[in-house]
Amino acid sequence: MGQYRLRELVDRRTEGMWEGRDRLAKTLNTMVGESGEVDLVQLMEKLESRGFRISCSELLDVLKCTASGVRVRGSVLDVVVRGLSVRDRAIVMELLEKARKRGLEGSVLELLDRIRGRFGVKELMIVVEDLLRKFRTPAVLDFWIRAWNEVAKGKFKIPAYLSMTGKFIELSSKTAVRLGLSRGTVVRVEVPWSDKCFFGIVSTIEPMCRISIKGQLKNLIEFSGLRWDRILKEIERRGSIAWITIEDRGRAFFFGRVHTRGRLDIPVDLVDHLGRGVPIFLKLSNGKGKVIESVKVGTERIRVVAGREYRECYVQFKGLASGLYYVEAMNSKYYLSSLNELKMEFSGFKIALRDFEPIDPVRLGRYTFNIGKGVFEIGGVSLDSSISVDVFRNTLKGSVSVEGGGGDVELRMVRVFGSEPQVELRIKNEIYSLVRIEKYRTSYEGNAIDAYLLMLERRAGSRVRVRKVLFTPVRVYYQCTPMFHHLLSLRFPISPPDYRIYHPRLMEEEFAIGDKLLVNNVIGFEISRRLYQEICYWSTVKGKKGLGIIGESIINFLKEPILEFLSGEVGLPKEELSMNWRGTKKYGLEAPDFEIYHRGRVVAVIEVSLGKDLKAILHTHLIPEMSRRLTYDKFKDALGIVVGLEYSPTSPTLKMIFIIRDKSEMWMDRTRDLYGLLGW
């Protein structure tokens, strides 16, 4: 099993490496172009500005494959020392001179190239100064070069000596100062034979930086089921080495022992690192791989033994078996920063708690803390929420206040650690669970908004009580508020409308538009009740964009008879005409609703409008708009078509008029001709 897993990881790493090489090769092709010479230093700076982190040797390998005929100016050393100060450049040259005398110049330069390419100047100088000190003891020089080469393969970390007793590790005090270490700093410690890391505390800086690991190494050996004699053999084979990095503020890894009654001891050195008297998020895993999540507040006390005082910190678990656990501990700021989102799906609707903003914890009660802000989202509708934890009930909550219901009402998403999130309504001390969601479109202050009607229930024996809230982009309204009923009175359910027309009939209706146009006929037809409901809704809001989309959708449904009419009008085969629905801005100008093309040339443009007065639509919108449109060079040879649609405020019927303007700028009513092509 392990061999197959290893092969899979190697295949993934190899695949990712070749994908990066392909992307680099494409970028180099555009940079190099037709030039016969490139400067390595300038090329590397351009690549770094585009986000590439590679060594000079890797760059040369790719150049040989993609641009073998290009002459390269510069050397690996020029790339390594680029941008360094005079002092740093002198230190690098001193290291290379000492390496040359021992026949190690090539391996050291290759190492510096990899460190500079993968990390940066700060990390480069840490490696250079550390290797300079190691030249004083040539017997271990090869060992440290190999150690730094291991660093160059992954994340930057510092190799250090591991004591044979497993109580501390040591590194140079100058390296510690450059890293910013001081007494009491928490660092992360890794060893070569395990994938588990643990914490260490910097105890002294001079003359050597010593990091105490508080017996964590022996706990690691016990947790992994290893034996100390085997570890000694591993140390002899790989060397007495450990890797350290500065631990992120607010997080730590350690091995902790759970005693009777579920008491987990937390190292006292981590109390200030994680925070005193604040919620701590814990992930415990045992040797069998079982993970337990929880949030607790540590308890501190002073115990006196033989006249000496000892500080203790612990948290209490209920029903947790005794034994050794591997623990990841985080404070609330780090936990929320690393948490992407909490999400669930209910009846096809996506509900999420996201965009967390941590704050300093504020105690709200004996067991509850406010730890941040977030966004509570249902579908595409979102509201700001407060994020809190309950260390007694082991829950994380995102809450939104509800208007109405006596004041103490909130809608919240609750996650009990170790289970899936749930949505519930809290009314004082009563909890209602979500049972149904419906989506509605309604109007608020004249603007169209989406809203969600949530139905929640609480069961007590055979008795069931149901409560409703309306989740809107403005706020959440309780069922007893006037705004709840007002918004629902304007709503209609969201479902795809049917844009088909039914039972068309030609009706005589005569009216004049100015002195240029006399209308004689209109086409009357019926529409679905669902489409009529949507028209009535959009007629009540300020933005009329919805009416325009409905009108264009109806004309798009009549695409075939319109193309057949145009084919006879312009004398072109119908099969060679194409009708494109535009309706968006293009090149700073508003595009017409539809454009009809013949072999890439515009032969006609169509403007559509839906309203409650057909004569007003033609006089104030369609005819002036089309007259202006046909003055553009793109449309000067095109036929202009305007389609007016009038809805009835009392019944699901529409009237339609079809008018064209030819190249002689004459307006003509062609409604009867279009009716003859409908085919009903």
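Would you mention how many residues in the stretch 631-680 are within 14 Å of Val519 (Cα to Cα), charged (D, E, K, R) and surrounded by 15 or more Cβ atoms within 10 Å (Cβ to Cβ)?
Number of matching residues: 5.
Report, by residue number, each residue of the stretch 288-307 that is out of contact with any Ser or Thr (no Cβ under 8 Å at 6 or more places or on another chain) and loosely packed, with under 15 Cβ neighbours inside 10 Å.
Listed by number, the residues that qualify are Lys288, Gly289, Lys290, Thr299, Glu300, Arg301, Ile302, Arg303, Val304, Val305, Ala306, Gly307.
Output the strands (runs of 3 or more DSSP E) that fall wholly within the stretch 590-680 and possess 2 or more residues being more than 44 Å from the chain's Cα centre (by Cα), or say none.
601-611, 639-647, 653-661, 667-669
All but one of (1) within 30 Å of Asp130 (Cα to Cα); (2) at pLDDT below 80; (3) surrounded by 10 or more Cβ atoms within 10 Å (Cβ to Cβ) hold for Ser49, so report the exception by its number.
Of the numbered conditions (1) within 30 Å of Asp130 (Cα to Cα); (2) at pLDDT below 80; (3) surrounded by 10 or more Cβ atoms within 10 Å (Cβ to Cβ), the odd one out for Ser49 is (3).
Hey, does the stretch 666-675 have a residue that's touching a strand residue (DSSP E or B) at 6+ places or on another chain (Cβ under 8 Å) and more than 19 Å from Pro504 (Cα to Cα)?
yes
Could you identify the single residue in Tyr314, Tyr326 that is within 20 Å of Val391 (Cβ to Cβ) and either surrounded by 15 or more Cβ atoms within 10 Å (Cβ to Cβ) or among the polar types (S, T, N, Q) (or both)?
Step by step, each of Tyr314, Tyr326 is checked, and only Tyr314 is within 20 Å of Val391 (Cβ to Cβ) and either surrounded by 15 or more Cβ atoms within 10 Å (Cβ to Cβ) or among the polar types (S, T, N, Q) (or both).
Would you pick out the residues in the stretch 131-145 that are in a helix (DSSP H, G or I) and either surrounded by 20 or more Cβ atoms within 10 Å (Cβ to Cβ) or free of Cβ contacts under 8 Å to residues at least 40 places away in the same chain (or both)? Step through it out loud before you land on a result.
First, the residues of the stretch 131-145 that are in a helix (DSSP H, G or I): 131-134, 138-145.
If the condition is that a residue be in a helix (DSSP H, G or I) and either surrounded by 20 or more Cβ atoms within 10 Å (Cβ to Cβ) or free of Cβ contacts under 8 Å to residues at least 40 places away in the same chain (or both), then Leu131, Lys134, Pro138, Ala139, Val140, Leu141, Asp142, Trp144 are the ones that fit.
Anything in the stretch 376-417 that is hydrophobic (A, V, I, L, M, F, W, C) and closer than 16 Å to Ala451 by Cα? List them, or say none.
Kept after step one, since they are hydrophobic (A, V, I, L, M, F, W, C), are these residues of the stretch 376-417: 376, 378, 381, 383, 387, 389, 391-392, 396, 400, 402, 409, 411, 413-414, 416-417.
Once the filter is applied, which keeps residues that are hydrophobic (A, V, I, L, M, F, W, C) and closer than 16 Å to Ala451 by Cα, the stretch 376-417 yields Phe376, Ile378, Val381, Leu383, Val400, Val402, Leu411.
Among the numbered conditions (1) within 23 Å of Leu531 (Cα to Cα); (2) under 45 Å from the mean Cα position of the chain (by Cα); (3) at pLDDT 90 or above, tell me where Arg582 comes up short.
(3)
Filter the stretch 53-71 for residues that are in contact with a Leu (Cβ under 9 Å, 6 or more places away or on another chain) and either modelled with pLDDT under 75 or polar (S, T, N, Q) (or both) and give the result.
Val62, Leu63, Thr66, Ala67, Val70
Which pairs turn up if I take residues in the stretch 70-95 that are acidic (Asp, Glu) and look for partners that are part of a helix (DSSP H, G or I) and surrounded by 15 or more Cβ atoms within 10 Å (Cβ to Cβ) with beta carbon separation below 7 Å, at least 6 apart in sequence or on another chain?
Asp78/Leu40; Asp78/Val41; Asp88/Met125; Glu94/Leu132
For the stretch 148-165, enumerate the residues that are part of a strand (DSSP E or B) and among the hydroxyl-bearing types (Ser, Thr, Tyr).
Tyr161 - this is the single residue of the stretch 148-165 that is part of a strand (DSSP E or B) and among the hydroxyl-bearing types (Ser, Thr, Tyr).
When you go through (1) under 41 Å from the mean Cα position of the chain (by Cα); (2) closer than 26 Å to Ala147 by Cβ; (3) assigned to a helix (DSSP H, G or I); (4) not aromatic (Phe, Trp, Tyr) one by one for Ala99, which number turns out not to apply?
(1)
Just to be sure I understand the filter: pairs with C-beta atoms under 8 Å, separated by 6 or more residues or on different chains, first member in the stretch 599-614 and free of Cβ contacts under 8 Å to residues at least 24 places away in the same chain, second member surrounded by fewer than 23 Cβ atoms within 10 Å (Cβ to Cβ). Which pairs pass?
Once the first residue is free of Cβ contacts under 8 Å to residues at least 24 places away in the same chain and sits in the stretch 599-614, its partners that are surrounded by fewer than 23 Cβ atoms within 10 Å (Cβ to Cβ) give Arg599/Glu576.
Out of all the residues in the stretch 72-93, which are outside any helix (DSSP H, G or I), surrounded by 14 or more Cβ atoms within 10 Å (Cβ to Cβ) and at pLDDT 80 or above?
Val81, Arg82, Leu84
Has the stretch 166-174 got at least one residue that is of a type outside the set (D, E, K, R), without any contact (Cβ under 8 Å) to a residue 60 or more places away in the chain and in a strand (DSSP E or B)?
yes
Scanning the stretch 329-342 for residues that are of a type outside the set (Gly, Ala, Ser) and touching a residue at least 40 places away in the same chain (Cβ under 8 Å), which turns out farthest from Ile387 (Cα to Cα)?
Checked the stretch 329-342; the qualifying residue farthest from Ile387 (Cα to Cα) is Met330.
I'm checking my understanding of the structure. Among residues of the stretch 104-121 that are touching a residue at least 24 places away in the same chain (Cβ under 8 Å) and of a type in the set (D, E, K, R), which one is surrounded by the most Cβ atoms within 10 Å (Cβ to Cβ)?
Filtering first and then ranking leaves Arg116.
Quick grid of which residues meet (1) under 30 Å from Leu124 (Cβ atoms); (2) crowded, with 19+ Cβ neighbours inside 10 Å; (3) over 38 Å from the mean Cα position of the chain (by Cα):
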| residue | (1), (2), (3) |
| --- | --- |
| Phe156 | yes, no, no |
| Pro159 | yes, yes, no |
| Gly180 | yes, no, no |
| Gly184 | yes, no, no |
| Ser194 | yes, no, no |
| Leu232 | no, no, yes |
| Asp248 | yes, no, no |
| Leu264 | no, yes, no |
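Test each condition in (1) in the same structural domain as Val381 (by TED's automatic domain parsing); (2) in a strand (DSSP E or B); (3) exposed (fewer than 13 other Cβ atoms within 10 Å of the Cβ) for Glu424 and report the one that comes out false.
Failing condition for Glu424: (3).
Out of the helices (runs of 4 or more DSSP H) lying entirely within the stretch 524-579, which hold 2 or more residues that are under 19 Å from Arg672 (Cα atoms) and acidic (Asp, Glu)?
Working: elements: 529-538, 545-557, 559-570.
Passing ranges, in order: 559-570.
Under 6 Å between Cβ atoms, which residue pairs at least 6 apart in sequence (or on different chains) link something in the stretch 346-362 that is without any contact (Cβ under 8 Å) to a residue 24 or more places away in the chain with a partner that is surrounded by fewer than 20 Cβ atoms within 10 Å (Cβ to Cβ) and of a type outside the set (Phe, Trp, Tyr)?
Arg354/Glu341; Arg354/Val375; Asp355/Val375; Glu357/Lys373; Val362/Asn370
The values are calculated or read from the model by the stated rules, or taken from the named source; none is laboratory data. Note that the structure is a prediction, hence the values are computed from the model and not measured. Virtual Cβ from ideal backbone geometry, glycine too; neighbours counted across all protein chains shown.
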